[in-house]
Amino acid sequence: MSKVGHYIREWREFRGLTQVQLAERIGIDKSYLSKIENGKRRYDQPFLEAAAVVLQCAPADLIIRNPLDPDGIWSIWDDLEPAARQQVVAIAKTFKRTGTDG
């Protein structure tokens, strides 16, 4: 998990935006965004929703998902073709059904 408890900066960087660009697109001041990214100000739901629209992700992704982690499960999932995703789901269901105790 990020030191500040969210991945807003990482999503901004992942989408190739500066703080100024993201702040302008959300309709907030750059200093406000900077404080949120640095953990000096709390984000709220309207901010998360606006940022998610601009960053092309779900609001929850900004809190739980680091898009810059190539080994993160969602990064792997995003790179899979639909048929491969179906295989992964089938494997996960089998794993869940059989457990890990062998």
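The single condition among (1) out of contact with any Phe, Trp or Tyr (no Cβ under 7 Å at 6 or more places or on another chain); (2) surrounded by 10 or more Cβ atoms within 10 Å (Cβ to Cβ); (3) not in a helix (DSSP H, G or I) that Ala51 does not meet is (3). Looking only at the range 21-46, which residues are closer than 16 Å to Val4 by Cα and open to solvent by less than 90 Å² (accessible area, probe 1.4 Å)? Answer for the range 21-46, where residues must be closer than 16 Å to Val4 by Cα and open to solvent by less than 90 Å² (accessible area, probe 1.4 Å): Tyr32, Leu33, Ser34, Ile36, Glu37, Asn38, Gly39, Tyr43, Asp44. Could you tell me whether Ile73 is at negative phi, among the β-branched types (Val, Ile, Thr) and surrounded by fewer than 12 Cβ atoms within 10 Å (Cβ to Cβ)? Spelling it out, Ile73 is indeed at negative phi, among the β-branched types (Val, Ile, Thr) and surrounded by fewer than 12 Cβ atoms within 10 Å (Cβ to Cβ). For the range 80-88, the criterion of being loosely packed, with under 10 Cβ neighbours inside 10 Å and either in contact (Cβ under 8 Å) with a residue 12 or more places away in the chain or assigned to a helix (DSSP H, G or I) (or both) is met by at least one residue. In the set (1) assigned to a helix (DSSP H, G or I); (2) open to solvent by 30 Å² or more (accessible area, probe 1.4 Å); (3) in contact (Cβ under 8 Å) with a residue 40 or more places away in the chain, Leu62 fails one condition alone, (2).
Selection of the range 3-20 for residues being at pLDDT 95 or above and in a loop (DSSP other than H, G, I, E, B) yields His6, Tyr7, Arg15, Gly16, Leu17, Thr18.
The values are calculated or read from the model by the stated rules, or taken from the named source; none is laboratory data. Here the structure is a predicted model, which is why all the values come from computation and not from measurement. Because the Cβ atoms are built from the backbone with ideal geometry, glycine has one as well, and the counts that use them run over all protein chains shown. Protein only, heavy atoms only, side chains kept; ligands, DNA and RNA dropped before computing areas. Shrake-Rupley method; radii C 1.70, N 1.55, O 1.52, S 1.80 Å.
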